[in-house]
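Input: a single structure, listed below in structure tokens.
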Amino acid sequence: MTRRAPSPTLQPGDTVGILGGGQLGRMLSLAAASLGLRTHIYCPDEDCPASHVSARFTQAAYDDEKALKDFAAAVDVVTYEFENVPVDAVAVLEAAGATVRPGAMALEKAQDRLVEKQFVRSLGVATADFHGVDDLAALEQGLKEVGRPAILKTRRLGYDGKGQTRLTDPDIDLHASFEKAVAYAWAEVGAAPSILEAFVPFEREISIIGARAADGDIRLYDPIENVHASGILKTSTAPARVAPETRAEAEQATVAILKALDYAGVIGVEFFVLPGGAVVVNEMAPRVHNSGHLTADACAVSQFEQHIRAVAGWPLGDPARHSDAVMENLIGDEVGKWRDIVREANAALHLYGKGEARPGRKMGHVTRLTST
Ligand SMILES: Nc1ncnc2c1ncn2[C@@H]1O[C@H](COP(=O)(O)OP(=O)(O)O)[C@@H](O)[C@H]1O
Ligand SMILES: [Mg+2]
């Protein structure tokens, strides 16, 4: 493991480098600007949403060593808004003297769903039953072990429900045979290295947005309740309807993960809450998280500011919530609702500056404050 460079503490006027240029990078840049910090976005895509609101933008590939070295030299700390940044790119930045927060370990664990589940289990935290799948035979074996219904997910690069397929008894009837249904599912994930998970009959889904400072201080936002439609987050609500014991269990798991990763920054941990109130970790995102967007309007210090504080080596802010809130994602052409939303009381509209409203694309969100 590479040793971290001496921990930088940024001063107003300094520059935070951000790998990735989507809406998360955009909202991080806006929060950094509020603290008097500049941002420099590194992203392969031209005209990315974060580039519109940042002092500098490097459009380059994650394997462009020259561009990475120049980027390392131009910024005071590096973070990422995208968990699929290649670990090799982080290694190049670190070799060039950059401090990267949260660091390569968090990426390594979060980029691969199998490694992630093994890591979470190693902390004594529950996950769905799972089975690594590298070929059809392993998929058939896995189905015997985890049972049905089950979900097959690619180990890498899935998001918003992409790279996933369900295997239920009705599916198998539909395909006329077990073998055909299994072969179909395997083709659905592109015959890529995958993980088969038992379907968790959850009562609800929640997330914890947690933060750890460079000095190890930890702060957690209140649990947030999430509803997905077709694998994409639709709404997030705070407070989540969970018992104190459930909350405590989710918080303990989040703290254990933050410590084990020697983390600096904001993390989003997704949980399934079982009918009895026990929690199971679904996945973690080593970055600000869509379910945490409501913190921008319902808390004095948003997840975005919290992340910037953590990577800048600053003390964390108070995550207390001053309002109850419901965040709704504006997906695809739902973004057209902005015309009505701008007339609503207690509604905070956030648009990401993306061009085309393709189906399934996150175009913006609205946070409605439901009590103040
Ligand atoms: N093992 C599971 N049991 C039940 N539902 C699941 C399971 N895995 C995923 N889901 C559902 O699909 C959604 C998206 O899956 P997730 O693994 O979080 O992938 P993504 O990276 O696309 O967010 C989850 O939030 C949940 O609603
Ligand atoms: Mg998820």
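The values are calculated or read from the model by the stated rules, or taken from the named source; none is laboratory data. These numbers come from a predicted model, not from an experiment. As a convention, Cβ positions derive from the backbone with ideal geometry for all residues, glycine included, and neighbour counts pool all protein chains shown. Note: areas computed on protein heavy atoms with side chains; ligands, DNA, RNA excluded. Shrake-Rupley method; radii C 1.70, N 1.55, O 1.52, S 1.80 Å.
In the full protein context, segment 204-371 carries 37 Å² of accessible surface per residue, based on a 1.4 Å probe and ignoring ligands, DNA and RNA. Taking the Cα atoms only, what angle lies between the long axis of helix 65-74 and the longest principal axis of the chain, rounded to 10 degrees? Helix 65-74 and the main axis of the chain meet at about 50 degrees.
Do you know the relative contact order of segment 129-198, to the nearest whole percent, from alpha carbon pairs under 8 angstrom that are 6+ apart?
49
Within the chain, antiparallel bridges make up roughly 80 percent of the DSSP beta bridges whose residues both belong there.
Over all other residues within a Cβ to Cβ distance under 12 Å of Thr295, the charged ones net out to -2, with Lys and Arg as +1 and Asp and Glu as -1. Quick one: angle between helix 23-34 and the longest Cα principal axis of the chain, in degrees between 0 and 90, rounded to 10, please. Tilt relative to the chain: about 30 degrees.
With the cut-off at under 17 Å, measuring from each backbone N in segment 135-153 to a point 7 Å along the Cα-to-Cβ line of Ala191 picks out 135-140.
May I ask you to derive the FRET efficiency for Glu108 and Thr370 from their Cβ-Cβ distance with R0 = 41 Å, giving the value to the nearest 0.05?
That gives a FRET efficiency of 0.60.
Given that compact globular proteins tend to follow 2.2 N^0.38 Å, what is the ratio of the alpha-carbon Rg of the chain to that value? Taking N as the residue count of the chain, the ratio is 0.98. Local charge for Ala137 was computed over the other residues whose Cβ lies under 14 Å away, with Lys and Arg +1 and Asp and Glu -1, and equals -4.
With all protein chains in place and ligands, DNA and RNA left out, the 1.4 Å accessible area ranks Tyr159, Tyr352 as Tyr159, Tyr352, largest first. Element breakdown for segment 204-371 at a 1.4 angstrom probe: carbon and sulfur atoms account for 50% of the accessible area. For the set Glu245, Glu116, solvent exposure ranked by accessible area (probe 1.4 Å, protein chains only) runs largest to smallest as Glu245, Glu116. Taking every C-alpha pair closer than 8 Å and separated by at least 6 residues, the mean separation divided by the residue count of the chain gives a relative contact order of 14 percent. Relative contact order of segment 187-257: what whole-number percent is it, with Cα pairs under 8 angstrom and at least 6 residues apart? Once normalised by length, the contact order is 24 percent. Measuring r between the beta carbons of Ser177 and Lys234 and using R0 = 35 Å, the FRET efficiency lands at 0.50.
If the segment from Asp169 to Leu136 were pulled out straight at 0.36 nm per residue, it would be longer than the present Cα-Cα gap by 10.1 nm.
I need the GluC sites (Glu not before Pro) found in segment 308-372, filtered to DSSP loop residues with at most 14 other beta carbons within 10 Å of theirs.
Details: sites: Glu328, Glu334, Glu344, Glu356; in loops: Glu344, Glu356.
For GluC sites (Glu not before Pro) across segment 308-372 that sit outside H, G, I, E and B with at most 14 neighbouring Cβ atoms in 10 Å, the list reads Glu344, Glu356.
3J(HN,Hα) along segment 111-127: 7, 10, 4, 6, 4, 4, 5, 5, 4, 4, 4, 5, 8, x, 9, 6, 9 Hz, from the Karplus curve 6.51 cos²θ - 1.76 cosθ + 1.60 with θ = phi - 60°, whole Hz, x for Gly and Pro. Once the Cβ-Cβ distance of Leu349 and Ser34 is raised to the sixth power relative to R0 = 30 Å, the FRET efficiency obtained is 0.95.
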